[in-house]
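Please read the structure below before turning to the comments.
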Amino acid sequence: MTLPTMQPDLEEPGAAQLDAPPERKPEPHGRATFRIWRGDASGGGYVDYTTAVSVGMVVLDAVHQIQADQANDLAVRWNCKAGKCGSCSAEVNGKPRLMCMTRLSDIDLTKPVTIEPMRAFPPIRDLVTDVSWNYRVKQEIQPFTPRPPDAADGTWRIAQSDVDRVQEFRKCIECFLCQDVCHVLRDHQKHEEFIGPRFFVYTAALEMHPLDTGDRIPALREKYGVGYCNITKCCTAVCPEHITITDNAIIPLKERVVDEFFDPLGRLVRIFSRKGQVP
Ligand code: SF4
Ligand code: SF4
Ligand code: FES
């Protein structure tokens, strides 16, 4: 006796979607050409390398393969290969990217793939740039300055909503891709007058911290150059941690500068509600 087989009810709402295979991009295979910038502070140029590509590879894999097989002296900085150390920042086909998180399946491999060092910072060698300017900038920002503890045991009381507000800023991995893409640094070279989006995120994390009593508003206007930012949001677009740099960090900082310097009433309110007072 033949038992009747159960057929899926394709008329049932959603059944077709449940059975549909997940959308997949074609995985790379065969060979591809990578046009890598080679050189140092005195100058350089592009060199083409053709190498085998296969399923699951990222740009950093291709660079390592080229380094192993064809260019043992190719300089590249990396550490985690997991998108968490911020070391492998470069420009892939003209866009600031983490090489370890850029899948070859997302790139058109029918043309040479251009890989260059970040352009906002001085080249050291090949894909490695000198990002030490960022560390000097960070040292100049007033550090965390907490109010005295709220309780005798040395602890504080803070609202969860205040914690939530600054949480995203703490995801920064200091890859400096946002600094690289910002035209104020990249094109106008305002490194002496403008701290860049990464450090507006850092400053916002401190300014909005519920325990901090520091006041970085005058420095934001004068020394950190927040006025140079014209809110193009390019920094937000390249952040691998998806931090809402412009809307959640830079615009609130700009508003605080306006309140402090151009709105006398707002300034009075700010003085009376200044951070450091126990809510
Ligand atoms: S939004 Fe401001 S900080 Fe971000 S890239 Fe544009 S100009 Fe630079
Ligand atoms: S804010 Fe985003 S893009 Fe900028 S350094 Fe941090 S993680 Fe990188
Ligand atoms: S190697 Fe660490 S972020 Fe790419």
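Here's the yes/no breakdown for (1) within 16 Å of ligand 3 (Cβ to nearest atom); (2) not hydrophobic (A, V, I, L, M, F, W, C):
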{"position": "D162", "(1), (2)": "no, yes"}
{"position": "Q179", "(1), (2)": "yes, yes"}
{"position": "H188", "(1), (2)": "no, yes"}
{"position": "F194", "(1), (2)": "no, no"}
{"position": "P197", "(1), (2)": "no, yes"}
{"position": "T213", "(1), (2)": "no, yes"}
{"position": "L220", "(1), (2)": "no, no"}
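Just to verify a result, which residue in the range 236-277, among those that are assigned to a loop (DSSP other than H, G, I, E, B) and closer than 19 Å to P218 by Cβ, is modelled with the lowest pLDDT?
Keep residues of the range 236-277 that are assigned to a loop (DSSP other than H, G, I, E, B), which gives 239-244, 263, 273-277.
So of that shortlist, the ones also closer than 19 Å to P218 by Cβ come out as 263, 273-276.
Details: D263: 76, S273: 62, R274: 56, K275: 53, G276: 46.
In this case the residue turns out to be G276.
Within the range 115-128, can you find the residues that are surrounded by fewer than 17 Cβ atoms within 10 Å (Cβ to Cβ) and closer than 13 Å to V59 by Cβ?
If the condition is that a residue be surrounded by fewer than 17 Cβ atoms within 10 Å (Cβ to Cβ) and closer than 13 Å to V59 by Cβ, then no residue fits.
If you go through the range 6-22 one residue at a time, do you hit one that is at pLDDT below 95, farther than 28 Å from E174 by Cβ, acidic (D, E) and surrounded by 10 or more Cβ atoms within 10 Å (Cβ to Cβ)? Walk me through it before giving the result.
First pass over the range 6-22, keeping only residues at pLDDT below 95: 6-22.
When the remaining residues are screened for being farther than 28 Å from E174 by Cβ, the result is 6-22.
This time we only want the ones that are acidic (D, E), so: 9, 11-12, 19.
Subsequent filtering for residues that are surrounded by 10 or more Cβ atoms within 10 Å (Cβ to Cβ) retains none.
Checking the range 6-22: not a single residue is at pLDDT below 95, farther than 28 Å from E174 by Cβ, acidic (D, E) and surrounded by 10 or more Cβ atoms within 10 Å (Cβ to Cβ).
Among the residues of the range 60-76, write down those that are within 10 Å of ligand 3 (Cβ to nearest atom) and over 14 Å from W37 (Cα atoms). Outline the logic, then answer.
Filtering the range 60-76 for residues within 10 Å of ligand 3 (Cβ to nearest atom) gives 60, 76.
L60, the sole residue that qualifies.
Please list, ordered by residue number, the strands (runs of 3 or more DSSP E) wholly in the range 57-165 having 2 or more residues that are more than 16 Å from ligand 1 (Cβ to nearest atom).
Strands (runs of 3 or more DSSP E) meeting the threshold: 89-92, 113-116, 123-125.
Is there a residue in the range 223-244 that is within 26 Å of G83 (Cα to Cα), in contact with a Phe, Trp or Tyr (Cβ under 7 Å, 6 or more places away or on another chain) and within 9 Å of ligand 2 (Cβ to nearest atom)?
Yes, that holds for at least one residue.
Among (1) outside any helix (DSSP H, G or I); (2) under 19 Å from the mean Cα position of the chain (by Cα); (3) not assigned by TED's automatic domain parsing to the domain that holds F199, which single condition is E174 missing?
Exception for E174: condition (3).
The values are calculated or read from the model by the stated rules, or taken from the named source; none is laboratory data. Because the structure is a prediction, the values reported are computed rather than measured. Don't worry about glycine lacking a Cβ; one is built from the backbone with ideal geometry, like all the others, and counts go over all protein chains shown.
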